[in-house]
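Derivation of every value follows stated rules applied to the coordinates shown; laboratory data play no part. None of the values given here were measured: they were computed from a predicted structure. Here the Cβ positions follow ideal geometry from the backbone for every residue, glycine too, while neighbour counts run over all protein chains shown.
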Amino acid sequence: MGETLNVALPKGRLGDKVYKLMESAGYGCPEVLSGGRKLIFESPEGTVRYFFVKPSDVAIYVERGAADVGVAGKDILLEYCPEVYELLDLGLGKCRMCVCGVPGRPMGAGKLRVATKFSKIARDYYAGLGRSVDIIHLNGSIELAPILGLSDVIVDIVETGATLRENGLGVLSEVCPISARLIANKVSYKFKYEELTELVRRLRGALEA
Ligand code: PRP
């Protein structure tokens, strides 16, 4: 038997989908579906141990080796640049990073004020356009910023577009597409190479099925 793989999954809807995918790839652990508040689950054969963590923390667990692998959104990888290997695009949790604002509202002549939870992504995007901007870092409810005049635009995730619509905002331009990625700790990739290669092979198979 190979070594147990420690897997960090994002708590919530994405994590549930990823767990189903892991199950169909042969890494089932029925106890995960039992509900309750437990955070760690080990599969009966000892192949995998799952932990559920805050989605934005997955990359930290993997980077520091508390987990061998994990699933994190491309948004988190672009924003925090953790030192991990990105092994596979799972095609789950698809959404878009966009510049959004009040459609048709003229921008002031000064520096564009951009409110966002993703300061690095926003800075890199505008640097690529050769434009210097004033980044206003917020932690949530970003859509309020242009409505209250705190910013001209926002850089944020758009999934269904419902949040924008219900607040009278629209997409002004797309920054990049986002989806969930399987990431691995760099040391684990060396020492658990067989187990990780097998995991990727089986996940690819499950995604194609
Ligand atoms: C994200 C994002 C938008 C919303 C987009 O927020 O920041 O607010 O989802 O989804 P939609 O296009 O389907 O409406 P999240 O729910 O992660 O909460 P947050 O306000 O804490 O960022």
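May I ask you to evaluate 6.51 cos²θ - 1.76 cosθ + 1.60, the Karplus curve with θ = phi - 60°, for each residue of region 103-114 and list the ³J(HN,Hα) values in order in whole Hz, giving x for glycine and proline?
3J(HN,Hα) across region 103-114, in whole Hz: x, x, 6, x, 7, x, 7, x, 4, 5, 9, 10.
Rule-of-thumb check for the chain: C-alpha Rg over 2.2 N^0.38 Å?
Rounded to two decimals, the normalised Rg is 1.16.
Quantify how much of the Cα-Cα distance distribution of region 1-124 extends past 22 Å, in percent. It would help to have the intermediate numbers written out before the result.
On the way: 3403 of 7626 pairs.
So the portion of pairs separated by more than 22 Å is 45 percent.
Would you list L199, L77 from fewest to most Cβ contacts within 10 Å?
Values: L199 26, L77 17.
Fewest to most other Cβ atoms nearby, the residues stand as L77, L199.
Length gain on complete extension for the stretch S34 to L144, per 0.36 nm per residue less the alpha carbon to alpha carbon distance?
Working: separation 110, 0.36 × 110 = 39.60 nm, distance 3.77 nm.
Extra length available between S34 and L144 comes to 35.8 nm.
Per residue of region 170-176, what does 6.51 cos²θ - 1.76 cosθ + 1.60 with θ = phi - 60° give for ³J(HN,Hα)? Whole Hz please, x for Gly and Pro, Karplus curve as stated.
Here the 3J(HN,Hα) series is x, 6, 9, 6, 9, 8, 5 Hz.
Once the piece of chain linking K186 and A162 is laid out straight, how much longer is it, given 0.36 nm per residue of separation minus the C-alpha distance between them?
On the way: separation 24, 0.36 × 24 = 8.64 nm, distance 3.82 nm.
Extra length from K186 to A162 when fully extended: 4.8 nm.
Which of L196, L150, L92 moves most in a GNM of the chain, Cα contacts under 10 Å?
Maximum among the listed residues: L150.
What is the local net charge at G70, summed over the other residues whose Cβ is closer than 14 Å to its Cβ (Lys, Arg +1; Asp, Glu -1)?
Once all neighbours under 14 Å are counted, the net charge is +3.
Going by a ≥ b ≥ c, the root eigenvalues of the Cα gyration tensor, does region 166-209 fall in the rounded group (a/c under 1.5), the prolate group (a/b larger than b/c) or the oblate group?
Working: a/c = 4.60, a/b = 2.35, b/c = 1.96.
Prolate, since a/c reaches 1.5 and a/b exceeds b/c.
Roughly what angle does helix 193-208 make with the longest principal axis of the chain, taking Cα atoms, 0 to 90 degrees, to the nearest 10?
Taking the Cα atoms of the chain, the angle to 193-208 is about 70 degrees.
Which of C95, C29, C81 ends up with the largest GNM mean-square fluctuation for the chain, with Cα atoms connected below 10 Å?
Its mean-square fluctuation being the largest, the pick is C81.
In which sequence would V102, V7 go, from the one with the fewest C-beta neighbours within 10 Å to the one with the most? If you can, show how the numbers build up before the last one.
Values: V102 15, V7 28.
So the ranking, lowest neighbour count to highest, is V102, V7.
Going by C-beta contacts inside 10 Å, put T163, T197, T47 in order with the fewest on the left. If you can, show how the numbers build up before the last one.
Details: T163 16, T197 12, T47 20.
Lowest count first: T197, T163, T47.
Pull up the cross-link candidates among the lysines for K120, meaning alpha carbon to alpha carbon under 18 Å and not fewer than 8 places away within one chain.
Excluding near neighbours in sequence, the set is K74, K111.
Taking H placed 1.01 Å from N in the peptide plane, check which residues at least 5 places from L138 or on another chain put their amide H under 5 Å from its amide H.
Residues meeting the amide H criterion: T116, K117.
I need the shape label for region 131-209. Rule: rounded when a/c is under 1.5, else prolate if a/b > b/c, else oblate, with a, b, c from the alpha carbon gyration tensor. Present the calculation step by step, with values, prior to reporting the outcome.
Details: a/c = 3.82, a/b = 2.28, b/c = 1.67.
Cα axes put region 131-209 in the prolate bin.
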